[in-house]
1. So if I check each of 112, 105, which one is within 12 Å of the ligand (Cβ to nearest atom), basic (Lys, Arg) and closer than 23 Å to residue 29 by Cα?
2. In region 108-127, what count of residues is obtained for those that are hydrophobic (A, V, I, L, M, F, W, C) and under 15 Å from residue 172 (Cα atoms)?
3. Could you list, in sequence order, all residues of region 24-50 that are among the basic types (Lys, Arg) and closer than 23 Å to residue 125 by Cα?
4. Filter region 137-181 down to the residues that are away from the ligand (no atom under 14 Å from the Cβ), closer than 30 Å to residue 30 by Cα and part of a helix (DSSP H, G or I) and list them by number.
5. Can you find a residue in region 154-163 that is within 18 Å of the chain's Cα centre (by Cα) and surrounded by fewer than 17 Cβ atoms within 10 Å (Cβ to Cβ)?
6. With the checklist (1) under 30 Å from residue 6 (Cα atoms); (2) without any contact (Cβ under 8 Å) to a residue 12 or more places away in the chain in hand, flag the one item residue 179 doesn't pass.
7. How many residues does region 67-85 contain that are among the aromatic types (Phe, Trp, Tyr) and farther than 13 Å from residue 130 by Cβ?
Amino acid sequence: MIIKDAEFGEVLVRKNALSRGVRFSISTSGRLQMSVPKYTSDFLAKRFLNTNRKMIREKLPIKNPKEQKARDYQKKLLMKKAREYLPYRLEYYAKLYGYSYSKCRLSHANTRWGSCSSNKTISLNIGLMKVPEVLRDYVILHELAHLNHMDHSKAFWAEVGLHDKNYKNHEKKLKNFNPGL
Ligand SMILES: [Zn+2]
């Protein structure tokens, strides 16, 4: 559900079976996002929003609601760029180093640059299109190494190091970037 709020613009309401309370966060498109328990009524969701208004104003970096449409457009462009690049770059490195994955998925999560699931699906964040190529490649090599090691063990890092000798430095530099818009 979306609440159209005079102050915050479009607020995304996510009804989540697992959430027990209300949680506020910022979506990758800069919108306010609230996650509420599954059976929360729209009326109650609006009330949660109103009672937390002051806290939200003070604590959450909501981007200018007037520019939400512009950011949606930016995200579309980023997705287009990502679609034309990331799956091919992943395929290139997989072939080069002899990895096999089942699927490449593009995501736009807030905190993760990539992930690798146990069914060998690799997710890459479209925000990678905004970071330098060497860091983008590092994330791809990191996720490929997860195909053999589903953890961050010594063996995992040793494998990342085989294909990216500067991985420590790249991991650190990546922290200066944010996947959102
Ligand atoms: Zn990892």
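The values are calculated or read from the model by the stated rules, or taken from the named source; none is laboratory data. Just so it is clear, the structure is predicted and the values come from calculations on it, not from any experiment. Backbone-built Cβ (ideal geometry, glycine too); neighbour counts: all protein chains shown.
1. Only one candidate passes the filter, namely 112.
2. The number of residues fulfilling the criteria is 1.
3. Passing the criteria: only 31.
4. Answer for region 137-181, where residues must be away from the ligand (no atom under 14 Å from the Cβ), closer than 30 Å to residue 30 by Cα and part of a helix (DSSP H, G or I): 137, 169, 172, 173.
5. No, the conditions are met nowhere in region 154-163.
6. (2)
7. Residues flagged as among the aromatic types (Phe, Trp, Tyr) and farther than 13 Å from residue 130 by Cβ within region 67-85 amount to 1.
Residue-by-condition table, conditions (1) assigned by TED's automatic domain parsing to the domain that holds residue 166; (2) free of Cβ contacts under 8 Å to residues at least 40 places away in the same chain:
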| residue | (1), (2) |
| --- | --- |
| 49 | no, no |
| 53 | no, no |
| 99 | yes, no |
| 102 | yes, yes |
| 123 | yes, yes |
| 130 | yes, no |
| 134 | yes, yes |
